[in-house]
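The next block holds one structure in the form of structure tokens; read it before the comments.
Quick note: the coordinates plus some simple rules give every number you see, no bench work behind them. These numbers were taken from a predicted model, which means no experiment stands behind them. FYI the Cβ positions are ideal-geometry reconstructions off the backbone, even for glycines, and counts take in every protein chain you see.
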Amino acid sequence: MKRIGIILYTVHFFLFTASGQEIPVSTEQQLENLANTNEEETEDDAYLQELENFRKNPMNLNTADPEELKQLKILTDLQIANLVSYRNLLGSLLSIYELQAVPAWDLVTIRRLLPFITVSTPISLKHETSTRFNDGEHSVLLRVLQVLELSKEFDYSTAGTKYLGSPQRIFFRYRYNYKNLLQFGLTGDKDAGEQFLKGAQQKGFDFYSAHLFARKIRVIQSLALGDFTVNMGQGLVQWQSLAFKKSVDVLGIKRQSAVLRPYSSAGEFYFHRGAGITIRKARMESTVFLSIRKLSANIMNDTATNEKVVSSFLTSGYHRSSSEVTDRNNLTQTAFGGNIIYRGKQPGRWQVGINAVCYQFSLPLQKKEQPYNLYAISGRNWYNFSIDYSYTYKNIHVFGEAAGDKNFNKAFINGVLISVDPRADISLLQRTINASYQSIQGNAFTENTYPTNETGFYTGVEIRPAMGWRINAYCDIFKFPWLKYLVDAPGQGIDFLSQLNFTPNRQVEVYTRYRNETRQVNQPGNSTTSYLVAVPRKNWRTQVNYQLNRAITFRSRVELVWYDHKGSGRENGFLSYIDILYKPLLKPFSGIMRIQYFETDGYNSRIYAYENDVLYSYSIPAFSSQGFRYYLTLNYDPGKKITTWLRLVQTIYRDKNTAGPGPDEFTGNRQTTITLQLKWMF
């Protein structure tokens, strides 16, 4: 009876609080923080594709193993282990609303999961294997985007570097998908300024990607052919898929992913091309992969040996001008490696893994001779290896990774998640990464973009003092033992964030957040000594979501930034917007509109804001200077198999007569972008 009572109570709660947002608000904040850290937007839309797939084919919680549950990127390992223990003790779940009875599971987490999960009678894999190629869904997606104001690179009447192609960006993707068991497809991408069906691009798109990915074929857990990503341990050795860093989700400090994942995004660098396989037998799982692909790179002559060397990789994927086309695919990269994982008898309780990856290049790598490049990767080959672990005991989950590189430089990450009370959770993470440690495609939970030259200690807490209230806070203290780009001495810093969420009823959600990050940088104007000064950057944000009715939701944000408020480089920033989301039930159309004002003193006080876009896409631009911005995104489904999108966005600057980033600058104070997208399912 107690079990039934929990179900009925939670049903009542969710009927009046379920949200129809495309992605959780916390995920939007994670993406904003990631863009702020990397100072660029990611082109990896695999996570959005997975969420959309789980909406159509919800994950069965009665049969999902820990590795499948990690794909959602919502649950911690502690929550996953508790769910498995709950199933082993009480049997299959009677309803998804029973999840409230699982230890360490809270209502906020369950609400985020609801669109992507189900509870049902399992279907045998033998039956599903026979229908994989017949009962799936084919889809074709075509997206065209153009900035209407042409930059000087498209003005062929003047001198200077010019783009060879048209100003449209074109993205094409064909995909066949059967649940979470089989998918294959082809992707093509042409950036603005690149040629199409002429010149250097006689075969059409500048970038093509193809893949076939299958899961759960007897002992084969994953089979990847074509393009795929490889993710190992905690990212010290290799992590190519989307991975979040510090954010309001203070429990999301652990990297979670299957080793092999399919790749069908537009980014042209962070993936492998070849074959990979994961085999599981009893408690042992093993993965091997081989990749051979072309990369674009800056190549120069070494004055000492007169040998061609690679000074840097070109990760943007742009091949618009003659010089960019010359650098296209001028380097061959061969990569191979794998891992072995041994797990405990009870799924999700503990595991130990051994990981290794090796790279070989057709030309040697050699960074420019600068002090901060003292420990940079050099030569024709590089390899990394590591041991990672995780263990769950009652309400405690510990994890970590110890890694080394070709020169036996070391890196360590260790963390713990603790559910100290049904209303409170704590996370701790320590990292020690030598200044000389290097990995080519590592991506760990660090302050730096890449895992190198850093020591630090992070602690976070989430408290749920009463129904509708949630407090999240973290503090991260870090040091950089060696120099960095534009930082001419070892430095240190501290980052603190606190956020209060309040959800009084089904219509209203409010959060307010304060963040204070202080880092040491070169003293402004000092060109003779390596003297560092501490520069604080403070940020305060408040956002309100109000659901007027089932069809209309209002959303409003106000954000302030104070950069170096007592120093010589003082800057302030302000941003405010209002959103109107219209999504009527059982109607073929929906829309989102935003009106925004921003005003900052410079780039250091820039503010990032997540923007809703067409399906499988989003924007997180950085706003600096002064101006207005508005956008309108419309969706119309003329039939069950066809969906269309239109997005119009315009930025109007008040304080300048030129706009656009760097080489794409154009004359005028307005920038207008139009996006059209069509998806056909059959």
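Structure summary
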read-out	value
Theoretical gain in end-to-end length, Leu290 to Ala424 [0.36 nm per residue, Cα-Cα removed]	43.8 nm
Calculated FRET value between Gln168 and Ser576, using beta carbons and R₀ = 30 Å, to 0.05	0.40
Long-range amide H partners of Met59 with built H, under 5 Å	Ile117, Thr118
Packing-based order for 633-642, 52-61, 239-248, using average beta carbon neighbours within 10 Å, highest first	239-248, 52-61, 633-642
Net charge over other residues, Cβ less than 13 angstrom from the Cβ of Ile170 (K, R count +1; D, E count -1)	0
Karplus-derived 3J(HN,Hα), 6.51/-1.76/1.60, for each residue of region 306-313, Hz, glycine and proline x	6, 9, 6, 9, 9, 8, 6, 7
Value of [θ]222 nm, deg cm²/dmol, for the chain, DSSP H segments ≥ 4, -39500 (n - 2.57) each, nearest 500	-3500 deg cm²/dmol
Likely footprinting exposure, Lys179, Lys368, Lys345, fewest C-beta neighbours within 10 Å first	Lys345, Lys368, Lys179
Gain upon complete extension [Arg380, Met681; 0.36 nm per residue less C-alpha separation]	103.8 nm
FRET E, pair Ser619, Thr131, Förster distance 30 Å, beta-carbon r, rounded to 0.05	0.20
Proxy reagent accessibility, fewest Cβ within 10 Å first, across Leu417, Leu164, Leu548	Leu548, Leu164, Leu417
Under 16 Å from Lys281, Cα to Cα: aspartates and glutamates that are on another chain or at least 8 residues apart	Asp65, Glu67
Vicinal HN-Hα couplings computed from phi for region 635-648 (Karplus, 6.51 cos²θ - 1.76 cosθ + 1.60; Hz; Gly/Pro x)	10, 9, 10, x, x, 5, 9, 10, 10, 10, 9, 9, 10, 10
Kirkwood Rh and Cα Rg combined as Rg/Rh, the chain	0.94
Inter-probe distance in nm under a simple model that places probes 7 Å from Cα toward Cβ, at Asp65 and Ile552	5.0
Order by protection proxy (mean Cβ within 10 Å, highest first), peptides 379-389, 224-234, 296-306	224-234, 379-389, 296-306
Full-extension gain in nm, Phe269 to Glu39, via 0.36 nm per residue minus C-alpha separation	81.1 nm
Mean Kyte hydropathy of 1.0 or more with a Cα span along the axis of at least 18 Å, helices from DSSP in the chain	2-15
Cβ-derived FRET efficiency at R0 51 Å, Asn669 paired with Phe589, nearest 0.05	0.95
Virtual paramagnetic centre 7 Å along Cα→Cβ of Ser568, amide N under 15 Å, in region 595-639	none
Under Karplus coefficients 6.51, -1.76 and 1.60, residue-wise ³J(HN,Hα) of region 584-595 in Hz, glycine/proline x	x, 5, 6, 10, x, 9, 7, x, 9, 10, 10, 10
Label-point gap, in nm, between Lys308 and Val219 - each point 7 angstrom along Cα→Cβ	4.4
Pair Ile652, Gln360: separation of 7 Å Cα→Cβ label points (nm)	6.0
Taking region 2-547 and dividing mean pair separation by its residue count, relative contact order in percent (alpha carbons under 8 Å, at least six apart)	10
Alpha-carbon centroids, region 162-229 and region 266-289: separation in whole Å	18
Of Lys294/Lys410; Lys367/Lys410; Lys216/Lys345, pairs whose Cα-Cα distance is over 25 Å	Lys294/Lys410
